[in-house]
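**Q** Structure below; questions to follow.
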């Protein structure tokens with residue numbers, strides 16, 4: 001984490017352990033995505049805040065590869081037509097698991113991985129014109145899971 005980021009968090013005197021190097025990317029503000037619309041969508045005839053996919057990957061590969069996971073999340077953002085605001089990933093030792101989030105103008109994508117179990121849990125939630133379902137094929141290609149469970153929730157129904 002950069003010293004500027006630590007300063008903004010009020011942690012400018014903190015020194016990160018190099019064994020747990022975090023990755024963080026911040027994009028430019030997405031002013032076009034922040035207009036006066038509420039960005040609710042209609043899906044399958046239902047007015048809702050957006051689609052939230054709960055994704056479980058089993059027998060998956062490369063779940064301890066931080067740069068690869070970062071690239072994969074960015075690929076998901078691009079495939080969905082979403083707007084990346086910030087991405088932050090944190091590796092855990094000794095198992096190499098990674099937790100993190102890509103914060104989007106349209107909401108978020110999060111990941112928590114357990115490479116020792118070849119398992120990862122992801123949340124993909126997007127509103128507006130984004131197409132979160134396009135992330136599924138990106139994840140399937142990137143992590144080559146033996147099994148992938150996907151459940152979709154329509155958030156904010158009847159709001």
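**Q** In the set 27, 33, 60, 49, which member is at pLDDT below 50, crowded, with 16+ Cβ neighbours inside 10 Å and more than 13 Å from the chain's Cα centre (by Cα)?
**A** Details: 27 fails: at pLDDT below 50; 60 fails: at pLDDT below 50; 49 fails: at pLDDT below 50.
Criteria check complete, one pass: 33.
**Q** Something else: Scan the range 63-72 and tell me whether some residue there is at pLDDT 95 or above, under 20 Å from residue 150 (Cα atoms) and in a loop (DSSP other than H, G, I, E, B). Give the derivation first.
**A** At the first step, the residues of the range 63-72 found to be at pLDDT 95 or above are 63-72.
With the extra rule that they be under 20 Å from residue 150 (Cα atoms), the set shrinks to 63, 69, 72.
Narrowing further to those that are in a loop (DSSP other than H, G, I, E, B): 63.
Checked the range 63-72: at least one residue is at pLDDT 95 or above, under 20 Å from residue 150 (Cα atoms) and in a loop (DSSP other than H, G, I, E, B).
**Q** Another one. For the range 137-147, which residues satisfy the criterion of being surrounded by 18 or more Cβ atoms within 10 Å (Cβ to Cβ) and touching a strand residue (DSSP E or B) at 6+ places or on another chain (Cβ under 7 Å)? Steps first, please.
**A** Start the filter on the range 137-147 by keeping residues that are surrounded by 18 or more Cβ atoms within 10 Å (Cβ to Cβ), which leaves 138-139, 142-143, 145.
Hits for the range 137-147 are 139, 143, 145.
**Q** Only residues that are farther than 19 Å from residue 155 by Cα and at pLDDT below 95: list them for the range 93-125, please.
**A** 93, 94, 95, 96, listed by residue number.
**Q** Let me ask something else. Between a residue in the range 85-113 that is without any contact (Cβ under 8 Å) to a residue 24 or more places away in the chain and any residue that is surrounded by fewer than 17 Cβ atoms within 10 Å (Cβ to Cβ) and part of a loop (DSSP other than H, G, I, E, B), which pairs come within a Cβ distance under 8 Å, given they are 6 or more apart or on different chains?
**A** 99/92
**Q** Now a separate question. Of all residues in the range 36-46, which are in a strand (DSSP E or B) and either at pLDDT 95 or above or farther than 10 Å from residue 128 by Cα (or both)?
**A** At the first step, the residues of the range 36-46 found to be in a strand (DSSP E or B) are 41-43, 46.
Across the range 36-46, the qualifying residues are 43, 46.
**Q** Which pairs do you get when a residue that is over 12 Å from residue 125 (Cα atoms), found in the range 148-159, comes within reach of a residue that is at pLDDT 85 or above and crowded, with 16+ Cβ neighbours inside 10 Å, reach meaning Cβ atoms under 7 angstrom, with the pair 6+ apart or on two chains?
**A** 148/55; 148/57; 150/53; 150/55; 150/136
**Q** Is it fair to say residue 112 is in a strand (DSSP E or B), more than 9 Å from the chain's Cα centre (by Cα) and within 21 Å of residue 149 (Cβ to Cβ)? First the steps, then the outcome.
**A** Values: in a strand (DSSP E or B): yes; more than 9 Å from the chain's Cα centre (by Cα): yes; within 21 Å of residue 149 (Cβ to Cβ): yes.
The answer is yes for residue 112.
**Q** A further question follows. Taking residue 82 as the residue in question, decide whether it is touching a strand residue (DSSP E or B) at 6+ places or on another chain (Cβ under 6 Å) and surrounded by fewer than 16 Cβ atoms within 10 Å (Cβ to Cβ). Before you say what the answer is, go through the steps one by one.
**A** On the way: touching a strand residue (DSSP E or B) at 6+ places or on another chain (Cβ under 6 Å): yes; surrounded by fewer than 16 Cβ atoms within 10 Å (Cβ to Cβ): no.
Against the criterion (touching a strand residue (DSSP E or B) at 6+ places or on another chain (Cβ under 6 Å) and surrounded by fewer than 16 Cβ atoms within 10 Å (Cβ to Cβ)), residue 82 does not qualify.
The values are calculated or read from the model by the stated rules, or taken from the named source; none is laboratory data. This one's a predicted model, so the numbers in the text were calculated from it and none came from an experiment. As a convention, Cβ positions derive from the backbone with ideal geometry for all residues, glycine included, and neighbour counts pool all protein chains shown.
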